[in-house]
Amino acid sequence: GHNVAAQGLISDPLKRKVIRTTGENPVTEVIKLCGACYQKAFRIKKRNKANESSDVGKEIEQIADKPIKKEFDAGDEECSISKVSRIQHKINNHLPILQDPKAPNRSLLSEAEGPHSTQSIRCLNWNVFSHLKPSEKNQIKKEVSEWLQLNENDRDAYAKKLEELFEVIIPIDEGPSRGQSVFAKQDIKQYQVVCPYAGVLHEDEASLEASIRKNGSISILSYLFGTSSSQRAVDAYRTGNVASFVNTSQLGDEPAFKENNLVPLLFGKNLIFYIALRDIKKGEELFLSYGDNYNPFQRVKQEPIEDNPDVGSL
């Protein structure tokens, strides 16, 4: 199933699908692999993982370009190609931090984290901040609680605070093309809780799959954050706040053009907050690591093939 427990943005496309964006056109080719192609793709991925090979993506692309010819079992699908349009991602700073998938205006904070979550919330893994003094960690937890209380009790003030802290623009610089980006509108201190990562809370895989079917896998997987459970994830696509526009300074094997100045920390069961790694000056762009599992163009879904002992989860 979806491996969403790792801290960071995550990805995992629809079952047996390969997704490719065609140039600058927002139309995406979705290639649905038949059972035989999917099994071959899995074996390539498994073999290359064992050999630490980096060519798995190219090999699986070749499978999609030249599907295996076989006699299809009764009821088995054939490889097919369809084109879908992507809806541009937007933000809404007035929504709850944890939203009901069926009604994003409804907060799930108390249900998901407990009735006293705004007063006291635990950090599951302090990550690069493990060296901090207890007093410094308590200050971070205090600021997290303040964000939660503001979001639950005064949504307008919460949105205003985000708008006073951040500006979203498309940068024109020597760095890579990265679309809308987030810049600080005021100085930010080291270890300051910069903002929460808001979005729909998917409490099971069925909920996440429904969102992917509705909006497309690349759209959802570009804004999906893992939680403490492999069954839950926070989906910021079109219902997220400004945090969903923060870029990373490095993707894949590409060289970093900046240093990340934010770190995501997981609080409670499902809450992600961005913490300042260092002092950030007014006008600086914000960056953070998306995590090792981030890849919205991942080729094959994690799903076992029935009646085949050689195939497990990707």
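The values are calculated or read from the model by the stated rules, or taken from the named source; none is laboratory data. Keep in mind that what you see is a predicted model, and the values were worked out from it rather than measured. No Cβ is skipped: glycine too gets one built from the backbone with ideal geometry, and neighbour counts run over all protein chains shown. In case anyone asks, the SASA skips ligands and DNA or RNA and just uses the protein heavy atoms, side chains included. Shrake-Rupley method; radii C 1.70, N 1.55, O 1.52, S 1.80 Å.
Annotations for the structure displayed:
- Residues that are in a strand (DSSP E or B), within 20 Å of Trp147 (Cα to Cα) and of a type in the set (A, V, I, L, M, F, W, C) within the stretch 238-287 comprise Leu262, Val263, Leu265, Leu266, Phe267, Leu271, Ile272, Phe273, Ile275, Ala276, Ile280, listed in sequence order.
- Checking each residue of the stretch 211-228 against the condition of being in contact with a Lys or Arg (Cβ under 6 Å, 6 or more places away or on another chain), more than 23 Å from Arg278 (Cα to Cα) and surrounded by fewer than 20 Cβ atoms within 10 Å (Cβ to Cβ) gives at least one match.
- Residue list for the stretch 256-292, restricted to those being at pLDDT below 90 and either touching a Gly at 6+ places or on another chain (Cβ under 6 Å) or among the aromatic types (Phe, Trp, Tyr) (or both): Phe257, Tyr290, Gly291
Every residue, every condition in (1) open to solvent by 20 Å² or more (accessible area, probe 1.4 Å); (2) within 13 Å of the chain's Cα centre (by Cα); (3) not small (Gly, Ala, Ser), yes or no:
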| residue | (1), (2), (3) |
| --- | --- |
| Gly240 | no, yes, no |
| Phe257 | yes, no, yes |
| Asn261 | no, no, yes |
| Pro264 | no, yes, yes |
| Phe267 | no, no, yes |
| Ile272 | no, yes, yes |
| Leu277 | yes, no, yes |
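- Residues of the stretch 190-204 that are open to solvent by 50 Å² or more (accessible area, probe 1.4 Å) and farther than 13 Å from Tyr274 by Cα: Glu203, Asp204.
- For the stretch 163-189, the candidate set comprises residues that are open to solvent by 60 Å² or more (accessible area, probe 1.4 Å) and either within 30 Å of His116 (Cβ to Cβ) or small (Gly, Ala, Ser) (or both); within that set, the residue that is modelled with the lowest pLDDT is Ser177.
- Test: residue in the stretch 177-200 that is over 17 Å from Val246 (Cβ atoms), in a helix (DSSP H, G or I) and of a type in the set (A, V, I, L, M): no
- Matching residues in the stretch 100-119 - criterion: being aliphatic (A, V, I, L, M) and in contact with a helix residue (DSSP H, G or I) (Cβ under 9 Å, 6 or more places away or on another chain): Leu109
- Taken together, Lys214, Lys160 contain a single residue that is at pLDDT 90 or above and assigned to a helix (DSSP H, G or I), which is Lys160.
- Every pair of residues 6+ apart whose Cβ atoms lie under 9 Å, when the first sits in the stretch 172-188 and is farther than 14 Å from Ile91 by Cβ and in contact (Cβ under 8 Å) with a residue 40 or more places away in the chain while the second is in a loop (DSSP other than H, G, I, E, B) and among the acidic types (Asp, Glu): Pro176/Glu254; Phe183/Glu284; Ala184/Glu284; Asp187/Asp279; Ile188/Asp279; Ile188/Glu284
- Inside the stretch 117-158, residues that are among the hydroxyl-bearing types (Ser, Thr, Tyr) and loosely packed, with under 12 Cβ neighbours inside 10 Å make up a count of 2.
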